[in-house]
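Reviewing the structure listed below.
The values are calculated or read from the model by the stated rules, or taken from the named source; none is laboratory data. A quick note: this is a predicted structure, and the numbers were derived from the prediction, not measured. Cβ placement follows ideal geometry from the backbone for every residue including glycine, while neighbour counts extend to all protein chains displayed. With ligands, DNA and RNA removed, areas are computed over all heavy atoms of the protein, side chains included. Shrake-Rupley method; radii C 1.70, N 1.55, O 1.52, S 1.80 Å.
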Amino acid sequence: MSRLSLAAAVLAGACLFAPPVWAEPPANAVQQAPQPARFDGNKVVRVTPRSTRDVRTVLALTDDIWTCNAGVDPASPVVSLAPFDVRLTPDAFDALRESGVPFTVLIEDVQKLIDNERAPRFGPRGPGFFTDYQTYANVSSYVDTLVALRPDMATRLTIGTTAAPSNTPIFGMRIAAPGVAPGSKPAVVVYGCEHAREWIAVMAPMYMADQLVRNGGTDPNLQRLLANFEFYIFPISNPDGYQYTWTNYRLWRKNRVTNVDLSVGVDINRNWGWHWGGPGSSPIPNSDIYAGSAAFSEKESQALRDFMIAHPNTVLAFDLHSYSQIILEPNAWDWSLPPDAHAYTQMTAAMQSAMYAPFSTVYTGGETYRVIYPAAGGSHDWVSNVRGALGYSIELRDTGSYGFILPASQIVPASTEAMAGVFAAANWLIDNALTVSFPGAGQPQYVYAGGGTTVQVQVARGMKSWGVPPITPPTIQVYSRIGRNGPFTASGLTALGSDEGGQVYAHSLPAGPCGSVTQWYYQATFADSSVVTAPLAGPSAPFEASAKNAVTILSDDFETATAWSTGDPTPGQADTATSGQWTRADPNGTLYQAEFDCTPLTGSNCYITAQNARGDVSGGNLASGKTTLMSPVFNAAGATKLDASFWLWNYASAGMSFYVDVSGNALAGTPTWTRALTISSASPINEIEGRWNRYTVRLSDLLAPSSQMRLRFVAANTAGGYREAGVDEVRIVSFQCERSPCAADYNADGVVSTQDIFDYLNDWFAGLPRTDINGGGVSVQDIFDFLNNWFVGC
Ligand code: 0X9
Ligand code: ZN
């Protein structure tokens, strides 16, 4: 047992104990339907502990922790002071009030919610399956209904049973376009209800199945998905636990096996075989996060494991849970990132937008270990690290008003969001069959005129899993050219080494004279001779940057001490923050703060606010007031096109601000400052919250570049709550010959020549849209107009 799980166990945190015996229905000899346990007057509260003592006080009052993070701190053996949710009996609630531990009530009466859970709330309930939660038997027969509806698309599957004596089938379905042979396309696997009480996680996968079967033949979006994937949907991974929540105990979490100590149940989502038994799981059978007697000791996790092993075409897997509205990426066992972490970041952003779109519901996102809590032995770590597929857990609605007892009226909206997220991820994978990202300086916005640009890039598997069994990793090349016409030239990538996000490669890019463009794309050839490109369309829609004379005026990765300083010397604008000021550090991850900086390979440092112990959100928070990070004064006199670019980390609860200012008279007694960028707090879709994002600002559009320029990065907290900001990889660059290719230079190679006429005519005969230079479609008139431009020249 790790120090962490020891700490958790000793402190009785983390969903430690199963519901007590008194809450079980009376063992009644008379044959009658069991009466489910009642929770009259029980409340669910969100506790904000001030101290370890507060955590202990609360955990002594309850056995039912709803957010599983109570007292579990990634900075083991410290006890986390992050807020957590618990259910309390009326007596325990009175005791909590007397204790003085700060809390807010989320649910006034759990039993009332249970009584109302299945009541129609907005008008009469229709006849449909999705207007109410459904029993195991109903879900099972609805699978048959869908199969009967489209036997050419849907097939019923049983992937195992629960342990004796119940031997309950774990069923699901395969959905694919008619005629698509199993295994002939990449597979998306969706499974729900590892945790019995999370009922919405049963309905959401069924909703996806329903939509795919009913509309997959007609809806173009679904047609696209079915043209690219086969879907496997398992709505009830933990059938015995699920049935128990209907008959006996609504708030049951685990499966229903009898443990050695006669307690009941293993947490299926702690039983998977990647760092099994590690942080955030318990060796105590009675715990709600009991990992089981061995990795994959349980038939439920075995069934899904064996299914995925038998389906090595699995590229994407979604494990649905509730509640909290979080898209959870691996890893859950440790701070380390999973293979291809940068692909997750991009995919999660696509999911967040898609899940926000229907009802403006915000889903946050990030690595499980950092954004919620350690949870070793969870399924997505195994999917990602062992199978080499992309594996997610999604915590569905809500954020605590109803918790696990989400009213039936929310089944359709919550399922609509879940489906939007899963389908967005699948679509993203189609569009990013090979995924690239650009660490350090970010995606090239320019190349040095005349050549000599070096690019750092990370490349991730996409539709072609590199997992187990291993598909031999591909040979990757970069194809580049000067201009928009003519052949691309292949060249190799040099592996620079690995950083926490995976392998980093370098390559050079050629460039023509100022005003020309350079285009490039990456191509991977796998051992089976298949080829994927990034961007997806390869040569027909490559990356592009324009050639400029670029002079770097200031560049800092903050790896070593620099001329940057903290505290604002501007008269009357002194910093007011009392804690959490900017520091140059290797950041310690929390829900609010990055664990890793932005400098690839050996890089580890950046500037951040409120460096705390890892995982500790309470100590050293930017409590109130503002803190300022000042660049050195730099000389950009004579520059006409001046850009500043940087990675910024932002996490804000409401009422806070983070902005970047620029001054052109930094050495004056009272410098004047112009706002260059405002990072809005609580952005609606939360894609930028809790992530590094690269920004570029054209400073010369804001003021005339001078010999005494300076930047300041200001993070301010005026409303309490959490504010974490970060800055890394700052570049200030002056461009001396920036211009767009002119119309006569059709092929954008920087010179007007007869080659432009040939290239134009070639493209015109090929009907390329870009030969439509006067709008309104490609016609003969375009040729005349182009020739006119050409004779005028540049
Ligand atoms: O603790 C869990 O298993 C999940 N939260 S829940 O409230 N639904 O119990 C989070 C699971 C994170 N995912 C993995 N560890 N794979
Ligand atoms: Zn769960």
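Quick check: from the Cα gyration tensor, does region 510-648 come out rounded (a/c under 1.5), prolate or oblate?
The shape class here is oblate.
Multiply the residue separation of Thr475 and Ala137 by 0.36 nm, subtract the distance between their alpha-carbon atoms, and state the gained length in nm to one decimal. Numbers along the way, then the final one.
Working: separation 338, 0.36 × 338 = 121.68 nm, distance 4.98 nm.
My answer for the length gained is 116.7 nm.
Taking a temperature of 10 °C and a viscosity of 1.306 mPa s, what whole-number D in µm²/s does Stokes-Einstein yield for region 321-395 with Rh from Kirkwood over alpha carbon pairs?
So the translational diffusion coefficient is about 129 µm²/s.
Considering amide H positions built from the backbone, and no H for Pro or chain starts, which residues 5 or more places from Gly292, or on another chain, come under 5 Å of its amide H?
Correct list: Asp267.
With a 1.4 Å probe and all protein chains left in place, how much of the accessible area of region 636-794 comes from carbon and sulfur atoms, in whole percent? Each step should come with its number before you reach the end.
Working: 3770 of 6740 Å².
On region 636-794, the fraction of accessible area on carbon and sulfur atoms equals 56 percent.
Hey, what's the per residue convex hull volume over the C-alpha atoms of region 292-449, in cubic angstrom? It would help to have the intermediate numbers written out before the result.
Numbers: hull volume 23.5 nm³, N = 158.
Value for region 292-449: 149 Å³ per residue.
Considering the options Tyr363, Ser437, Ala187, tell which one lies farthest towards the positive end of the dipole of the chain, charges being +1 on Lys and Arg and -1 on Asp and Glu at the Cβ, about the Cα centre.
My answer, from the dipole projection, is Tyr363.
Roughly how big is region 510-645's charge dipole about its Cα centre, with Cβ charges of +1 (Lys, Arg) and -1 (Asp, Glu), in debye to the nearest 20?
On the way: 5 positive and 12 negative charges, 62 e Å.
In debye, rounded to 20, region 510-645 gives about 300.
Can you pull the percent of region 126-204's accessible area that's carbon plus sulfur, 1.4 Å probe, other chains left in place?
Accessible surface attributable to carbon and sulfur in region 126-204 totals 62 percent.
Please report, to one decimal in angstroms, the Kirkwood hydrodynamic radius of region 197-315 built from all distinct Cα-Cα pairs.
When all Cα pairs of region 197-315 are included, the Kirkwood radius is 16.1 Å.
Could you tell me which of rounded, prolate or oblate describes the chain, using a ≥ b ≥ c as the square roots of the eigenvalues of the alpha-carbon gyration tensor, with rounded for a/c under 1.5 and, failing that, prolate when a/b is larger than b/c and oblate otherwise? Provide the component values of the computation, followed by the final result.
Details: a/c = 2.25, a/b = 1.41, b/c = 1.59.
Note, shape of the chain comes out oblate.
Placing unit charges on C-beta atoms (Lys and Arg positive, Asp and Glu negative, everything else neutral), compute the dipole magnitude of region 254-344 about its Cα centre in debye, rounded to 20. Each step should come with its number before you reach the end.
Details: 5 positive and 10 negative charges, 40 e Å.
In total the dipole reaches around 200 debye.
Apply the Karplus curve 6.51 cos²θ - 1.76 cosθ + 1.60, θ = phi - 60°, to the phi angles in region 80-85 and return the couplings in whole Hz, x for Gly and Pro.
5, 9, 5, x, 8, 10
Between Ser604 and Val260, what FRET efficiency follows from the Cβ-Cβ distance if R0 is 60 Å, with the result rounded to 0.05?
That pair, Ser604 with Val260, gives E of 0.85.
Per residue, how much accessible area does region 283-406 show when a 1.4 Å probe rolls over the protein heavy atoms, in square angstrom?
Details: 2820 Å² over 124 residues.
Accessible area per residue, region 283-406: 23 Å².
By how many nm would the segment from Arg38 to Val780 lengthen if fully extended, with 0.36 nm per residue of separation less the alpha-carbon distance?
Numbers: separation 742, 0.36 × 742 = 267.12 nm, distance 7.93 nm.
Net length gain for the segment: 259.2 nm.
Compute the length gained on full extension between Asn116 and Leu149: take 0.36 nm times their separation in residues and subtract their Cα-Cα distance, giving the result in nm to one decimal. Write down the numbers at each step before the final one.
Working: separation 33, 0.36 × 33 = 11.88 nm, distance 3.26 nm.
Once the chain is fully extended between Asn116 and Leu149, it gains 8.6 nm.
Which value in Å does the Kirkwood hydrodynamic radius of region 196-261 take, with 1/r averaged over all unlike C-alpha pairs and then inverted?
Hydrodynamic radius (Kirkwood, Cα pairs) of region 196-261 is 13.8 Å.
In whole percent, how big is the carbon plus sulfur part of the accessible area of region 375-487, probe 1.4 Å, protein atoms only? Spell out each step's value before the answer.
On the way: 1620 of 3050 Å².
The value for region 375-487 is 53 percent carbon and sulfur by accessible area.
Once R0 is set to 60 Å, what does the formula 1/(1 + (r/R0)^6) return for the Cβ-Cβ distance between Ala537 and Thr578, expressed as a FRET efficiency to the nearest 0.05?
With R0 = 60 Å, the Cβ-Cβ based efficiency is 0.70.
Return the FRET efficiency for the residue pair Val633, Val105: r is the Cβ-Cβ distance, R0 is 56 Å, and the value is rounded to the nearest 0.05.
0.60
Averaged per residue, what accessible area in Å² does region 185-227 show with a 1.4 Å probe, protein chains only?
Counting only protein heavy atoms, the per-residue value for region 185-227 is 24 Å².
How many Å² of accessible area per residue for region 526-669, probe 1.4 Å? Working shown, then result.
Numbers: 5240 Å² over 144 residues.
Per-residue value: 36 Å².
Karplus couplings for region 359-367 from phi (6.51 cos²θ - 1.76 cosθ + 1.60, θ = phi - 60°), rounded to Hz, Gly and Pro as x?
For region 359-367, the Karplus curve yields 9, 6, 8, 8, 10, 7, x, x, 6 Hz.
Using +1 at the C-beta of Lys and Arg and -1 at the C-beta of Asp and Glu, which of Phe296, Met308, Trp272 has the Cα lying farthest in the positive direction of the dipole of region 258-308?
After comparing all options, I get Met308.
Taking 7 Å along the Cα-to-C-beta vector as the label spot, tell me the Thr52-Thr562 distance in nanometres, rounded to one decimal.
A separation of 3.8 nm, rounded to one decimal place.
Cβ neighbours within 10 Å, averaged per peptide: list 749-760, 516-527, 138-149 in order, most packed at the top.
Values: 749-760: 18.2, 516-527: 20.7, 138-149: 16.2.
Most protected by this proxy first, the peptides run 516-527, 749-760, 138-149.
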